[in-house]
Amino acid sequence: VRKAREWIFKCVRQEPENPFFLYFASVTVHNPFTPGEKLRGSSDCGPYGDYIHDFDQSVGEILDALAYSGVLDNTVVIFTSDNGGKLGGIEEKQARDAGLSINGDFRGDKHSIWEGGFRVPFIVRWPGHIEEGVVSDRMINLVDIFATIQELTSGRVLAPDEAGADSYSFYDELIGERNKNSVRPHMVVNNANGVLAIRKGPLKYIEGIPQKKGVKTSEPELYNLENDLSETQDIIKENQKIQEDLQGILDNIRAKGSERLIPDK
């Protein structure tokens, strides 16, 4: 955090008219859980909860550095995570037993193909452009940040054969002018074993075939996340046509090597 603050001060002081980019990849709240001494015991959820407090403080320090430099209100701040929380450790169990629902009602955790592995907080702060408190139901992927920043800074998105083959811009969503033609039509995700799943609208199809050697293939599954966000009701048997359609899109994406090269159907 100290180096991030120093870098912000340096950028603003040396080149006040030039934009800058900071990627701050915090280790919190990743194992091993080592919250700072001042915050140990500050939560009711053990080291895991204390580490969350530690993380909150580091975010606050970065925002404070931007404010002190006079650029906070002219800076786009994105807060998110690369995956859902892990559930299997001693510290995580202690936190859950204390009432902290790490992944909420989502099934699975960071290593799995379930929503608990992918549903993460995604908060964007951009005063004067994003109204405070607005919530969006748009489906996005972290890779979409790439195309979004392209459009935000240059006014255009590079073609998929140039860069960001799977990246869709959601810049229009940020400024409150949703363009249906730019909305991501589908999204491919995978778990730690390389099992792929594809989402299209509320439907999520899990192929069940791992890319990692030595891992058994599982039966394909289908869920409607609109009414079953916890993925408890597999509806694949009664929806064979949907399975075929989604498998076809997934196969086409795999063959093309890009989600953006596949037309919406």
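A few points about this structure:
- When both the stretch 6-79 and the stretch 232-265 are represented by their alpha-carbon centers, they are found 39 Å apart.
- Net length available on complete extension from Leu158 to Asn239 is 25.5 nm, with 0.36 nm assigned per residue and the Cα-Cα distance removed.
- Accessible area (Å², 1.4 Å probe, nearest 10) - Thr75: 20
- Over 27 Å (Cα to Cα) - which of Lys212/Lys256; Lys86/Lys180; Lys86/Lys216; Lys3/Lys93 fall in this group: Lys86/Lys180; Lys3/Lys93
- The H on the amide N of Leu203, modeled in the peptide plane, is under 5 Å from the matching H of Leu225, each at least 5 residues off or on a different chain.
- In plain terms, the chain from Val134 to Gln211 could stretch by 23.8 nm, reckoned as 0.36 nm per residue minus the Cα-Cα distance.
- Furthest towards positive pole of dipole, Pro220, Leu152, Pro121, structure part the chain, Cβ charges: Pro220
- Entry comment: accessible area of the stretch 103-176 is 56 Å² per residue, from protein heavy atoms only and a probe of 1.4 Å.
- Based on protein heavy atoms only, the stretch 5-84 ends up with 66 Å² per residue of surface accessible to a 1.4 Å probe.
- Applying the Karplus relation 6.51 cos²θ - 1.76 cosθ + 1.60 with θ = phi - 60° to the stretch 182-189 yields 3J(HN,Hα) values of 9, 5, 4, x, 7, 8, 9, 10 Hz, where x marks Gly and Pro.
- Estimated vicinal HN-Hα couplings, Hz - the stretch 201-211 in sequence order (Karplus 6.51, -1.76, 1.60; Gly, Pro = x): x, x, 8, 10, 10, 9, 5, x, 9, x, 8
- Here's how it looks for Leu196: its modeled amide H is under 5 Å from those of Glu207, Gly208, Ile209, which are all 5 or more places away or on a different chain.
- Paramagnetic reach from Trp126 in the stretch 156-173 [backbone N under 20 Å; point 7 Å along Cα→Cβ]: 156-159, 164-173
- With a Förster radius of 51 Å applied to the beta-carbon distance between Lys3 and Leu225, the computed FRET efficiency rounds to 0.80.
- When the surface is traced with a 1.4 Å probe over the full set of protein chains, Lys3 keeps roughly 150 Å² accessible.
- Structure-derived P(r) over Cα pairs in 10 Å bins from 0, in percent: which label, when the choices are (1) 6, 18, 23, 23, 17, 9, 3, 0; (2) 6, 23, 31, 26, 12, 2, 0; (3) 9, 35, 39, 16, 1, 0: (2)
- If a spin label sat at a point 7 angstrom from the Cα of His30 along the line to its beta carbon, the backbone N atoms of the stretch 83-112 nearer than 20 Å would be those of 83-93, 102-103, 109-112.
- Taking the protein heavy atoms of the chain in the context of the full set of protein chains, the accessible area attributed to carbon and sulfur is 51 percent at 1.4 Å.
- Residue-by-residue Karplus 3J(HN,Hα) for the stretch 150-162, coefficients 6.51, -1.76, 1.60, Hz, glycine and proline x: 3, 5, 4, 8, 10, x, 8, 10, 5, 5, x, 7, 9
- Scanning residues 5 or more positions from Gly89 or on other chains, none has an amide H under 5 Å from its amide H, with H placed 1.01 Å from N in the peptide plane.
The values are calculated or read from the model by the stated rules, or taken from the named source; none is laboratory data. Remember, it's a predicted structure, so these values are computed and weren't measured experimentally. Glycine gets a Cβ as well: all are built from the backbone with ideal geometry, and neighbour counts include every protein chain shown. Only protein heavy atoms, including side chains, enter the accessible area calculation; ligands, DNA and RNA are left aside. Shrake-Rupley method; radii C 1.70, N 1.55, O 1.52, S 1.80 Å.
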